[in-house]
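Report on the structure given below.
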Amino acid sequence: MFKKSLLPYLLLVGLPLAILVAVLKSGTGMVATGESAIRTAAAKVVPAPMDMFLLVLQVMVILLASRLVGMVFRKIGQPQVVGEMVAGILLGPSLLGWAAPTVSHFLFPAASLGYLNALSQIGLIFFMFIVGISLHPAELKKDSRAALMTSHASIVAPFCL
């Protein structure tokens, strides 16, 4: 049983790590040009003052859109979470920014995205905490080999990228 999973495990975990090591070794002799290094060091990001009304409006629009699109997806037999992800795409610059750029710039100006990002990261932490609480280790033991390979691959591949 262990021998069956060794090759896929090595491919999913070992290959991205080997590629990462090769890329890091190839870049050890590179030096940043003086002008770009000075420009990078001199560029300071000053956060815009927080507009609480805009932040609440952004959260309200995001929650409303995700609930509505999620319900539509549930009615057509798809998981609600897929509809919520589609709502995020609909509100993003690829669709809302293209179809209605003035609405997009009004709702999601670049200066306010830092606060929205911070709030979304806090929400993600709470969501992952709830997922961790609802996890049943006994169910995980049944498929431990697949769970181990999936967890390591999902950590290593994005880390290397």
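The values are calculated or read from the model by the stated rules, or taken from the named source; none is laboratory data. Please read all numbers here as calculations on a predicted model, not as lab measurements. We work out accessible area using only protein heavy atoms, side chains counted, and drop any ligands, DNA or RNA first. Shrake-Rupley method; radii C 1.70, N 1.55, O 1.52, S 1.80 Å.
Details
- Within the chain, helix-based [θ] at 222 nm, where runs of 4 or more DSSP H residues each add -39,500 (n - 2.57), nearest 500: -23000 deg cm²/dmol
- Theoretical gain in end-to-end length, residue 145 to residue 15 [0.36 nm per residue, Cα-Cα removed]: 44.9 nm
- Considering the chain at the alpha-carbon level, its Rg and Dmax are found to be 22.0, 58 Å.
- Using the 1.4 Å probe convention, the accessible area of the chain works out to 80 Å² per residue with neighbouring protein chains retained.
- Accessible surface of the range 88-161, 1.4 Å probe, proportion on carbon and sulfur as whole %: 76
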